[in-house]
Amino acid sequence: MPGDTPSEQPIVGAGLSVVCNGELYNHAAIKAGSPLQLSNNGSDCAAIIHAFHKTGRNLSEACAMLDGVFAFLMSDEECVYVGRDPLGVRPLFYGYTQEGHLLFGSEAKSIVDVCVRVEYFPPGSCATIRMIDGRPQPFKPQKYYTVPPHADRFVTQEQAQTLIRDMLVSSVEKRLMGNRHFGFMLSGGLDSSLVAAIATKALKHKPVAFSVGFEDSPDLENARHVAQFLDIPHVVHVITPQDCLDIIPEVIYALETYEPAIVRCGIAHYLLCRHIAQVSDVKVLLSGEGADELFGSYAYMQKAPSAFHVHQEIHRRLALLHQYDVLRSDRATSCHGLEIRVPFLDKKFIDLVVRLPPQYKLQPQRVEKHILRAAFEDWLPREVLWRSKEGFGEALGKHDLGEIVNAHCNTIISDKRFAARHALFPDRTPETKEEFWYRELFEKVYGSDRMGHIIHTKVYRTAAWQLEEKENHTETPSRLAPARADEVLRLRRRSTGSTTLAGVA
């Protein structure tokens, strides 16, 4: 658990048994006044049974009561109960075997070899699965949480800034519970630096900042500047282009995807997490994931026709986060025995920011995320607080990671092999040799027949205002000027970024 009590699972009591991957920040409040006596009641995850009891065994209400990130299975003599946190920060997959047995796993790789087909359990959903003679009955996940659809919080920008500051500070502080040695993935960019600044003020013991990048990366210098400003220890992991190329097969296996936007960002993230596990006793990391989606700060979003269209795209991107950045974040950390916490994706903070007037997020004469920056004036060095920088794929150093990978792919994939890509991969056919290589690596360890359908691709190619068709559209949208996939990827990441290759936010 996030405290001092060992978290032995399953947690048992009141005729129920629960296993959970997650952290529940309001567990003490939920347990207060409850008459239940549970095994390992000190665990934060014990709050799931208490919430279920308090709501009269209403699973949807119980899940909505939980403040945190979680993927759990709970059971009694008749049913299995399943729940996943609002945005899917914690992963959960399921599938049926040939014999009709139902399996769940935190990673697709844990069940893919024995299931006919793997599905992801949707974020913000729960399900009650009746068991008859030991056989699971058909079930349908029920939504208990949706991102607020309307921007209906009409406040001034000054009031909004105060609310943003107070809510983000609260979000960070609640994630500092437990007697742990905390660390940060510090890129030197806005999002990770804000999380580090807030947490450093709140912690009694100094946390450690970790950054990664090429030796000549300007973002490493920015990260050092932030660490010096906050007066916290700073560990820099310098990597080489060859390190990045060598680790890609391992990254694709860990991340369970071939989507280039995730793989490229996952390379440095994975290398940094491996280094943290090797050289430190830090087990809990705080990250700036989700800020770009919430504030609509990706470069293509800042080119939207109107603020209303930005609001639409924010909704679309948040709904897909569990297949993109939070998937990468969870996989790159958990496979190295680390835990990631993401304050920007706090349920209350999401509800606040999404409901703010959309014109506060699209201000053409101002730098992206202006309202967030203004909310934290004096919390960071001014040159960090107000600078706009390139994102994860472009900030490793003077060398562009995309160019490095593309050059490598040109040496290992012949034009003849690439020309056969439509026959090899008729579904979501690779458009570049980089994508072709990633897809080959993925097929070697997983294959698309059982789990390819759960991989979302080209999120940066299908903005809400550009498509009226379904998500994974295979053609270039008619209102989006044709561009090479690597160019579009670069556009997608160029922003303040929740991640950079000089660090991971």
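The values are calculated or read from the model by the stated rules, or taken from the named source; none is laboratory data. Since the structure is predicted, the reported quantities are computational estimates derived from the model, not experimental observations. As a convention, Cβ positions derive from the backbone with ideal geometry for all residues, glycine included, and neighbour counts pool all protein chains shown. Heads up: the accessible areas ignore ligands, DNA and RNA and are worked out on the full protein's heavy atoms, side chains in. Shrake-Rupley method; radii C 1.70, N 1.55, O 1.52, S 1.80 Å.
Below is a table of values for the structure above.
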read-out	value
Hits in region 198-213 (condition: crowded, with 24+ Cβ neighbours inside 10 Å and among the hydrophobic types (A, V, I, L, M, F, W, C))	ALA209, PHE210, VAL212
Within region 129-156, considering residues that are of a type in the set (Phe, Trp, Tyr) and closer than 24 Å to GLU61 by Cβ, the one farthest from the chain's Cα centre (by Cα)	PHE139
Selection within region 338-367 - assigned to a helix (DSSP H, G or I) and either on the phi > 0 side of the Ramachandran plot or open to solvent by 10 Å² or more (accessible area, probe 1.4 Å) (or both)	LEU345, LYS347, LYS348, ASP351, ARG355, PRO358, GLN359, TYR360
Region 167-189, residues that are closer than 22 Å to HIS269 by Cβ, modelled with pLDDT of 90 or more and either among the basic types (Lys, Arg) or surrounded by fewer than 17 Cβ atoms within 10 Å (Cβ to Cβ) (or both)	ARG175
Flag if GLY68 is surrounded by fewer than 22 Cβ atoms within 10 Å (Cβ to Cβ) and without any contact (Cβ under 8 Å) to a residue 60 or more places away in the chain	no
Residue match in region 95-102 (condition: open to solvent by less than 60 Å² (accessible area, probe 1.4 Å), touching a residue at least 60 places away in the same chain (Cβ under 8 Å) and of a type in the set (A, V, I, L, M))	no
Evaluation of CYS244 against (1) surrounded by fewer than 24 Cβ atoms within 10 Å (Cβ to Cβ); (2) within 25 Å of the chain's Cα centre (by Cα); (3) touching a residue at least 12 places away in the same chain (Cβ under 8 Å); (4) within 17 Å of LEU286 (Cα to Cα) (one fails), failing number	(4)
Pick from region 25-65, criterion closer than 14 Å to ARG84 by Cα and small (Gly, Ala, Ser), ranking: most open to solvent (accessible area, probe 1.4 Å)	ALA64
Residue identified as surrounded by fewer than 20 Cβ atoms within 10 Å (Cβ to Cβ) and under 20 Å from the mean Cα position of the chain (by Cα) among ALA319, ALA291, ALA307	ALA319
Residue within region 79-89 that is open to solvent by 10 Å² or more (accessible area, probe 1.4 Å), of a type outside the set (A, V, I, L, M, F, W, C), out of contact with any helix residue (DSSP H, G or I) (no Cβ under 6 Å at 6 or more places or on another chain) and touching a residue at least 24 places away in the same chain (Cβ under 8 Å) present	no
Single unsatisfied condition, ALA423 versus (1) outside any helix (DSSP H, G or I); (2) modelled with pLDDT of 85 or more; (3) among the small types (Gly, Ala, Ser)	(1)
Members of region 137-152 found to be at pLDDT below 95 and buried (at least 17 other Cβ atoms within 10 Å of the Cβ), listed by number	ALA151
Hey, LEU380 open to solvent by less than 30 Å² (accessible area, probe 1.4 Å), assigned to a loop (DSSP other than H, G, I, E, B) and either at pLDDT 95 or above or not β-branched (Val, Ile, Thr) (or both) or not	yes
Test set (1) modelled with pLDDT of 95 or more; (2) farther than 21 Å from GLU221 by Cβ; (3) not hydroxyl-bearing (Ser, Thr, Tyr) - CYS244 fails condition number	(2)
Residue satisfying condition, being of a type in the set (Asp, Glu), in contact with an Asp or Glu (Cβ under 9 Å, 6 or more places away or on another chain) and within 23 Å of PRO343 (Cα to Cα), within set ASP219, ASP231	ASP219
For TRP386: the one exception among (1) hydrophobic (A, V, I, L, M, F, W, C); (2) within 30 Å of LEU163 (Cα to Cα); (3) modelled with pLDDT of 95 or more; (4) open to solvent by 20 Å² or more (accessible area, probe 1.4 Å)	(3)
Residue match in region 278-286 (condition: buried (at least 19 other Cβ atoms within 10 Å of the Cβ), out of contact with any Pro (no Cβ under 9 Å at 6 or more places or on another chain), at pLDDT 95 or above and not in a loop (DSSP other than H, G, I, E, B))	yes
Residues satisfying the stated conditions in region 114-127, i.e. surrounded by 18 or more Cβ atoms within 10 Å (Cβ to Cβ) and under 23 Å from MET65 (Cα atoms)	TYR120, PHE121, PRO123, GLY124, SER125, CYS126, ALA127
Residue check for PHE392: at pLDDT 95 or above and touching a helix residue (DSSP H, G or I) at 6+ places or on another chain (Cβ under 9 Å)	no
In region 326-337, residue nearest to LYS174 (Cα to Cα) [restricted to those that are open to solvent by 10 Å² or more (accessible area, probe 1.4 Å) and either basic (Lys, Arg) or in a loop (DSSP other than H, G, I, E, B) (or both)]	GLY337
Residue count for region 235-273, restricted to those that are among the basic types (Lys, Arg) and over 21 Å from VAL445 (Cα atoms)	0
